[in-house]
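Below you'll find the structure, written out as structure tokens, and then a few comments.
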Amino acid sequence: GEDVEQSLFLSVREGDSSVINCTYTDSSSTYLYWYKQEPGAGLQLLTYIFSNMDMKQDQRLTVLLNKKDKHLSLRIADTQTGDSAIYFCAEGRGSNYKLTFGKGTLLTVNP
Amino acid sequence: DVKVTQSSRYLVKRTGEKVFLECVQDMDHENMFWYRQDPGLGLRLIYFSYDVKMKEKGDIPEGYSVSREKKERFSLILESASTNQTSMYLCASSLMPSGSGEQFFGPGTRLTVL
């Protein structure tokens, strides 16, 4: 199958860390991506990781990739109310970089 | 800055009408994509194009067609709109074959079919 799975909801307190998890099925995926969608807007690329990497850090964001388990996670440190959004995991493969998206995780940050 | 624009943010049409959704990118990207987004279903690929006049069906092409006459413009056509096509439509583009393949999205068009 070609499913990308994510939990649908996550709720955290402001200042805590958020961890959003994703599993994918295709071991030939070249790149894995995290997108953010704010209400009423399109998707914005947050970060991506090449499949031969284990970890990537970018300011408050840390991406961990476990290729053996086909598991990807996004950690947001010091989560703020402005981080409330839907987060999509996606995998890319093939020469035309068609992406397969998960259904998205709605992150709610409570003050 | 990378920019993908869509012709309308909100659109209301009647059942049976022909509907055109336009997408323009200014990044000279080869690939362009049309998705629809529905609650609980995530993003589903309708059609994509990897070159001018080239198109390929995505996962849910039924009821839709596309046109790519110029590299920067990709149009989605609903030949005869139906209420089950009420949705958020997202256009995206990406560079091929080099680069990390990330897709850049437009702001979306929320289409309501009455």
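The values are calculated or read from the model by the stated rules, or taken from the named source; none is laboratory data. Only a predicted model underlies this, so the values are computations on that prediction, with no experimental measurement involved. Cβ atoms come from the backbone with ideal geometry, glycine included; neighbour counts cover every protein chain shown. These area figures cover heavy atoms from the full protein model, side chains too; ligands, DNA and RNA do not enter into them. Shrake-Rupley method; radii C 1.70, N 1.55, O 1.52, S 1.80 Å.
Of the residues examined, B:V19 is not one that is under 30 Å from A:F9 (Cα atoms) and β-branched (V, I, T). Just one of the listed residues (A:L72, A:L10) is open to solvent by less than 20 Å² (accessible area, probe 1.4 Å), in a strand (DSSP E or B) and more than 14 Å from chain B (Cβ to nearest Cβ), namely A:L72. Is segment A:68-78 home to any residue that is over 21 Å from B:Q37 (Cβ atoms), touching a Phe, Trp or Tyr at 6+ places or on another chain (Cβ under 7 Å), of a type in the set (V, I, T) and in contact (Cβ under 8 Å) with a residue 12 or more places away in the chain? The answer is no; no qualifying residue exists. Of all residues in segment A:39-51, none are surrounded by 13 or more Cβ atoms within 10 Å (Cβ to Cβ), in a loop (DSSP other than H, G, I, E, B), away from chain B (no Cβ under 14 Å) and out of contact with any Leu (no Cβ under 8 Å at 6 or more places or on another chain).
Filter segment B:76-93 down to residues that are crowded, with 21+ Cβ neighbours inside 10 Å, within 13 Å of the chain's Cα centre (by Cα) and farther than 15 Å from A:A41 by Cβ and give me whichever is farthest from the other protein chains (Cβ to nearest Cβ). The qualifying residue farthest from the other protein chains (Cβ to nearest Cβ) is B:L76. Looking across segment B:46-83, just one residue is in contact with a helix residue (DSSP H, G or I) (Cβ under 9 Å, 6 or more places away or on another chain) and touching a residue at least 40 places away in the same chain (Cβ under 8 Å), and that is B:L78.
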